[in-house]
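The values are calculated or read from the model by the stated rules, or taken from the named source; none is laboratory data. Model, not experiment: these values are computed from the prediction. No Cβ is skipped: glycine too gets one built from the backbone with ideal geometry, and neighbour counts run over all protein chains shown. Accessible surface is based on the protein model in full, side chains and every heavy atom, while ligands, DNA and RNA are left aside. Shrake-Rupley method; radii C 1.70, N 1.55, O 1.52, S 1.80 Å.
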Amino acid sequence: MSERMGFFTDTSVCIGCKACEVACKTWNDVPADGMDLLGMSYDNTGSLNANTWRHVAFIEQTVEDDTRWLMSSDVCKHCTEAGCLDVCPTGALFRTEFDTVVVQADVCNGCGYCVPACPFGVIDRREDDGRAWKCTLCYDRIRDGLTPACATACPTESIQYGPLDELRERADKRLEELHAKGEKDARLYGRSPDDGVGGAGAFFLLLDEPEIYGLPENPVVTTRDLPAMWKRAGVAAVAVVAGVAASFLGKR
Amino acid sequence: MGYYGRPIVKEPVWKVPDVPAYLFLGGMAGASASMAVAAQVSGHSELVGPARITAAVGSLASVGALVHDLGRPARFLNMLRVFKVTSPLSVGSWILAPFSGLTALSAATSVTGRFGGIGTLAGMAAGILGPAMCTYTSVLLADTAVPAWHQAYPELPFVFAGSAMASAAGASLLSRPSGPAVRLGLLGGGLELASEAVLERRVETYRSSGLLTAAKALTVAGAGLSLLPRHRVASVLAGASYLAAGVCTRFGIYRAGPASLRQEQSLR
């Protein structure tokens, strides 16, 4: 097992150039998904999905009669406790030696279970080929010691790639800096190993509430409740046995 | 609030009617397989054949619905590539695959009247798997980030268990009136109505479901009809009501999932 690798996306320096989206599509051969004007500021991508593995969000806010423009490049979180990986029945989703979460396209049978299991709404089924797709953290590149395509293309180092421990230290320092400069609402998202997904392998520095960026405030992996679910299902199965048996007691 | 009013969690890509039909058929088949065993053991031999056939038809049709729903149906055997307790669909596949084979075998021996001993053994094994068939699908829905499904996990297994029993009773009443089927329908319908009432008190989305309201009315109608003096027509109507109730329950519970995602969004 290698060191755990990840992304730190510092949205405070994102300029919304979308080079990450383009680099990701190009390197990973991700199909186009149409040209649309969505009326969402400069965001004409919409959301992460099967054909979008980096998505730059644009938020226009009015702050003290002035416009503030937030930009953030969203990506798969590569959760420590990954719901998509837990529920995958075929083993197509697996954890790599870098502690990232990757779909094996040749194994996936398109059952679609991972899609509603992701608390962030990242992984999605591609309509024409029927399989699930998402960010691989450029598994092919990082195995060769290269930096993922999006981080390589990012001109402002908003997207940083490296060993997760180092990234976390760097993020803590950056947050202190921003707080010192008076950015009171700056916060790290997905940084803490104590959160509902055991911490994210790809975490963020945000300048406002997570929900503003389309991120859940308190994501919790659904499988945390799975032992309780199986227990209840077991008791209910016993109820079926009892009900059927009771129905056949007594006279015709 | 939120990001341009977009829901965060993605809507399930599962097909309707495939997946709700899979839930209904699997439940009906599971309870029927157990019913066939109980009928055989207690000497109600006239109820064994129809119950075995219901179990076989239901489980094979539910396999068909599951395969049809896959994005890559040709790779459905990958479901049995690994066994994962963390994936209710993996556990379910490992229940459904032997169950459908065993029910098909026992039904075939019933229909042909040959190899009765093998049919009994297969039927027994299917009857043991039956209760698991009735309830694993509740975990399948609950183990997602879809609010209404996840929040329902304490009661959902009992809703599905009760509904499966009532559906099996319904299928049996269609073929002939009998005391055990009447009692199974009452017990199953009662369990379903009671656990659904608890669920609705906790999770709001289910309260506004027209399908679930219809399911309740049909369950009560089925119970009432089954209690009329034993008569062929009343029995058939009772059976049809129970089966229709089962269909409404599964579609109602299924639809509440995507509805809750949209609801969350409008609350934001």
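For the condition over 20 Å from the mean Cα position of the chain (by Cα), within 14 Å of another protein chain (Cβ to nearest Cβ) and modelled with pLDDT of 95 or more, what is the one hit in A:Thr11, A:Thr90?
One residue alone meets the criteria, A:Thr90.
Given the criteria charged (D, E, K, R), assigned to a loop (DSSP other than H, G, I, E, B), farther than 17 Å from A:Ala246 by Cβ and open to solvent by 60 Å² or more (accessible area, probe 1.4 Å), does B:Arg255 qualify?
Numbers: charged (D, E, K, R): yes; assigned to a loop (DSSP other than H, G, I, E, B): no; farther than 17 Å from A:Ala246 by Cβ: yes; open to solvent by 60 Å² or more (accessible area, probe 1.4 Å): yes.
Criteria not met by B:Arg255.
If only one of B:Arg232, B:Arg201 is free of Cβ contacts under 8 Å to residues at least 24 places away in the same chain and surrounded by fewer than 17 Cβ atoms within 10 Å (Cβ to Cβ), which one is it? Outline the logic, then answer.
Values: B:Arg232 fails: free of Cβ contacts under 8 Å to residues at least 24 places away in the same chain.
The unique qualifying residue is B:Arg201.
Does any residue of region A:174-186 turn out to be farther than 22 Å from A:Arg68 by Cβ, more than 8 Å from chain B (Cβ to nearest Cβ) and of a type outside the set (Gly, Ala, Ser)?
No.
Which of the residues belonging to region A:115-133 are of a type in the set (D, E, K, R) and facing chain B (nearest Cβ under 7 Å)?
Within region A:115-133, the subset of a type in the set (D, E, K, R) is A:124-129, A:131.
Across region A:115-133, the qualifying residues are A:Asp124, A:Arg125, A:Arg131.
Given the residues B:Ala65, B:Ala61, B:Ala74, which is the only one that is open to solvent by 40 Å² or more (accessible area, probe 1.4 Å) and either touching a residue at least 40 places away in the same chain (Cβ under 8 Å) or outside any helix (DSSP H, G or I) (or both)?
Details: B:Ala65 fails: open to solvent by 40 Å² or more (accessible area, probe 1.4 Å); B:Ala74 fails: either touching a residue at least 40 places away in the same chain (Cβ under 8 Å) or outside any helix (DSSP H, G or I) (or both).
Going through B:Ala65, B:Ala61, B:Ala74 in turn, the sole match is B:Ala61.
So, in region B:224-235, how many residues would count as being out of contact with any Ser or Thr (no Cβ under 9 Å at 6 or more places or on another chain) and in a helix (DSSP H, G or I)?
2
Considering only region B:136-156, state which residues are hydroxyl-bearing (Ser, Thr, Tyr) and free of Cβ contacts under 8 Å to residues at least 40 places away in the same chain.
B:Ser138, B:Tyr153 - these are the residues of region B:136-156 that are hydroxyl-bearing (Ser, Thr, Tyr) and free of Cβ contacts under 8 Å to residues at least 40 places away in the same chain.
Within region A:209-227, track down each residue that is more than 7 Å from every other protein chain (Cβ to nearest Cβ) and either surrounded by fewer than 17 Cβ atoms within 10 Å (Cβ to Cβ) or on the phi > 0 side of the Ramachandran plot (or both).
Listed by number, the residues that qualify are A:Glu209, A:Glu217, A:Asn218, A:Val220, A:Arg224, A:Pro227.
Which of the residues that make up region B:81-111 are closer than 16 Å to B:Val63 by Cβ, at the interface with chain A (Cβ under 10 Å from one of its Cβ atoms) and either among the hydrophobic types (A, V, I, L, M, F, W, C) or in contact with a strand residue (DSSP E or B) (Cβ under 9 Å, 6 or more places away or on another chain) (or both)?
If the condition is that a residue be closer than 16 Å to B:Val63 by Cβ, at the interface with chain A (Cβ under 10 Å from one of its Cβ atoms) and either among the hydrophobic types (A, V, I, L, M, F, W, C) or in contact with a strand residue (DSSP E or B) (Cβ under 9 Å, 6 or more places away or on another chain) (or both), then B:Leu89, B:Val91, B:Trp94 are the ones that fit.
I'd like to know if region B:15-24 contains one or more residues that are over 15 Å from the mean Cα position of the chain (by Cα), in contact (Cβ under 8 Å) with a residue 24 or more places away in the chain and at the interface with chain A (Cβ under 7 Å from one of its Cβ atoms).
Looking only at region B:15-24, we keep the residues that are over 15 Å from the mean Cα position of the chain (by Cα), and these are B:15-16.
Next, only the ones that are in contact (Cβ under 8 Å) with a residue 24 or more places away in the chain stay: B:15-16.
From the residues that got through so far, the ones that are at the interface with chain A (Cβ under 7 Å from one of its Cβ atoms) too are none.
Scanning region B:15-24, I find no residue that is over 15 Å from the mean Cα position of the chain (by Cα), in contact (Cβ under 8 Å) with a residue 24 or more places away in the chain and at the interface with chain A (Cβ under 7 Å from one of its Cβ atoms), so the answer is no.
For A:Val197, work out the one condition from (1) within 14 Å of chain B (Cβ to nearest Cβ); (2) in a strand (DSSP E or B) it doesn't fulfil.
With (1) within 14 Å of chain B (Cβ to nearest Cβ); (2) in a strand (DSSP E or B) applied to A:Val197, the lone miss is (2).
Any idea which of B:Ala166, B:Ala125 is more than 9 Å from chain A (Cβ to nearest Cβ), over 16 Å from the mean Cα position of the chain (by Cα), over 21 Å from B:Lys84 (Cβ atoms) and at pLDDT 95 or above?
Step by step, each of B:Ala166, B:Ala125 is checked, and only B:Ala125 is more than 9 Å from chain A (Cβ to nearest Cβ), over 16 Å from the mean Cα position of the chain (by Cα), over 21 Å from B:Lys84 (Cβ atoms) and at pLDDT 95 or above.
Taking region A:229-248 as the search range and keeping residues that are open to solvent by 40 Å² or more (accessible area, probe 1.4 Å) and at the interface with chain B (Cβ under 8 Å from one of its Cβ atoms), which one is nearest to the chain's Cα centre (by Cα)? Lay out the reasoning, then the answer.
Kept after step one, since they are open to solvent by 40 Å² or more (accessible area, probe 1.4 Å), are these residues of region A:229-248: A:230-232, A:235, A:238, A:241-242, A:245-246.
Restricting the remaining residues to those that are at the interface with chain B (Cβ under 8 Å from one of its Cβ atoms) gives A:230, A:232, A:235, A:238, A:241, A:245-246.
Values: A:Trp230: 26, A:Arg232: 30, A:Val235: 35, A:Val238: 38, A:Val241: 42, A:Ala245: 48, A:Ala246: 49 Å.
Ranking the candidates gives A:Trp230 first.
Return the residues of region B:141-159 that are closer than 28 Å to B:Met35 by Cβ, facing chain A (nearest Cβ under 7 Å) and not in a loop (DSSP other than H, G, I, E, B); say none if nothing qualifies.
Correct list: B:Ala142, B:Pro157, B:Phe158.
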